[in-house]
1. Report the residue count in segment 141-184 for those that are more than 18 Å from residue 106 (Cβ to Cβ) and touching a strand residue (DSSP E or B) at 6+ places or on another chain (Cβ under 8 Å).
2. Is it true that some residue in segment 162-173 is in contact with a helix residue (DSSP H, G or I) (Cβ under 6 Å, 6 or more places away or on another chain) and under 17 Å from residue 36 (Cα atoms)?
3. Out of 93, 154, which single residue is in the same structural domain as residue 74 (by TED's automatic domain parsing) and over 15 Å from the mean Cα position of the chain (by Cα)?
């Protein structure tokens with residue numbers, strides 16, 4: 001998982017450096033990669049991955065180096081935004097990786113709002129809330145895990161395999177609950193080659 005979000009940006013940096021004319025030495029490129037992390041172990045892993053990428057000989061273009069700029073955050077969303085501005089944006093980061101605990105979506109949102117204002121790309125490794133799929137709000141956020149609502153696809157396939165034709169869905173009345181039931185109903189509709197699954201819905 002942690003390799004996945006690093007390789008996304010490495011590919012972009014490497015591709016940017018491939019346009020140099022053959023036989024010429026490309027200019028030196030240095031990119032600061034920001035990290036909003038939640039513990040020392042994650043910070044060490046983040047640093048190790050960047051070092052591995054820099055020296056594996058294939059991931060980045062010649063004369064290109066990635067440097068880590070990290071923040072360990074355990075405070076409020078406002079504090080997260082201040083940390084991003086003072087310690088990451090001030091260092092002209094090329095992109096920011098957010099690796100907070102899975103339950104801490106408010107930190108991700110705060111970082112996304114702040115970096116989005118400056119058009120700095122964000123990679124999120126954990127947040128599965130549906131709201132982060134809204135590109136009108138989170139304009140520069142890329143996440144490596146799907147939203148919770150995508151679980152509905154698996155449920156529908158399982159129900160059809162077991163020949164269920166009707167189910168009762170209990171869901172929350174928040175954004176994630178509404179997104180999940182909408183996706184479930186869309187996937188469960190009757191098609192030409194198979195019967196659908198009818199869902200009666202009740203929200204909690």
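1. 17
2. No, every residue in segment 162-173 fails to be in contact with a helix residue (DSSP H, G or I) (Cβ under 6 Å, 6 or more places away or on another chain) and under 17 Å from residue 36 (Cα atoms).
3. Details: 154 fails: in the same structural domain as residue 74 (by TED's automatic domain parsing).
It is 93.
The values are calculated or read from the model by the stated rules, or taken from the named source; none is laboratory data. Given the structure is predicted, the values throughout are model-derived calculations rather than measurements. Ideal geometry is used to build each Cβ from the backbone, glycine not excepted, and the neighbour counts take in all protein chains shown.
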